[in-house]
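For reference, the structure discussed in these notes is given below.
The values are calculated or read from the model by the stated rules, or taken from the named source; none is laboratory data. Treat the numbers as computed from the prediction; the structure is a model and nothing was measured. Cβ placement follows ideal geometry from the backbone for every residue including glycine, while neighbour counts extend to all protein chains displayed.
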Amino acid sequence: MKLYADRLPTAIRQLLTDILVVLWVYLWIRVALWIRDLVEKLAVPGQKLEGAGTGIADNLADAGGKVGRVPVVGDDLTKPFTGAADAARSIADAGREQQDFVHQLALILPLIAIAVPLALVLFGWLPRRLRWIRRAGVAAAVRSEPAGRDLLALRALAGRPLNELARLGPDIAQSWRAGDADAVDALADLELRQLGLRRR
């Protein structure tokens, strides 16, 4: 397996691109975490609402229990306290619901923020990088073998632009077909150069 090219300009370009991709992913992870922290702060009013509602409900229930001990009229006096405690519990429930909504939002928004940048990496950069690693690994393995150089030459004939092939001579295909070693080497070197590899 070959991770980087032999030729310095190509290897530097690949290394810088890899570093930029890592920094790109790191930056978007930091942005997603920042968004999560920012959204989580929206839960604070819900926490205060829940705490206040629970506290008021407990105090009213406690007061209603004490008032309920008054002889004869105790039951009638507890009804307003019980109703007010129930209303306070509804406020606490609303605070809990608001917190639940914020926690779900704090999960969804960072995922949305990071999905597009990661998709660009996973479906744009990574397949191209893996394709180069695979092609360069095979080319590096066969470049010193006579049959391998012939395969590289054939690959160059099939895949390189005509203007690049024409620079090697007008009869480069005929020379390759005739088994001319110089033509095979020139074509193989052309393919290796395109991959950023040297002849071994």
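Remarks
- All conditions in (1) in a helix (DSSP H, G or I); (2) of a type in the set (Asp, Glu); (3) within 30 Å of ARG131 (Cβ to Cβ) hold for ASP37, with the sole exception of (3).
- Residue tally, condition surrounded by fewer than 16 Cβ atoms within 10 Å (Cβ to Cβ) and of a type in the set (A, V, I, L, M, F, W, C), over region 158-177: 4
- Count of residues meeting criterion [more than 14 Å from ALA139 (Cα to Cα) and either part of a helix (DSSP H, G or I) or more than 36 Å from the chain's Cα centre (by Cα) (or both)] in region 160-200: 24
- Residue in region 62-69 that is under 35 Å from the mean Cα position of the chain (by Cα) and either modelled with pLDDT under 90 or farther than 30 Å from ALA139 by Cβ (or both) present: no
- Of all the numbered requirements in (1) buried (at least 17 other Cβ atoms within 10 Å of the Cβ); (2) in contact with a Leu (Cβ under 8 Å, 6 or more places away or on another chain); (3) under 19 Å from ARG198 (Cα atoms), ARG135 misses one, and that requirement is (1).
Per-residue answers, yes or no, for (1) assigned by TED's automatic domain parsing to the domain that holds LEU15; (2) of a type in the set (Ser, Thr, Tyr); (3) free of Cβ contacts under 8 Å to residues at least 12 places away in the same chain:
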| residue | (1), (2), (3) |
| --- | --- |
| ALA113 | yes, no, no |
| ARG134 | no, no, yes |
| ALA153 | no, no, no |
| PRO161 | no, no, yes |
| SER175 | no, yes, yes |
| ASP189 | no, no, yes |
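- You will find that of ILE19, ILE12, ILE29, ILE35, the residue that is loosely packed, with under 12 Cβ neighbours inside 10 Å and modelled with pLDDT of 90 or more is ILE19 and no other.
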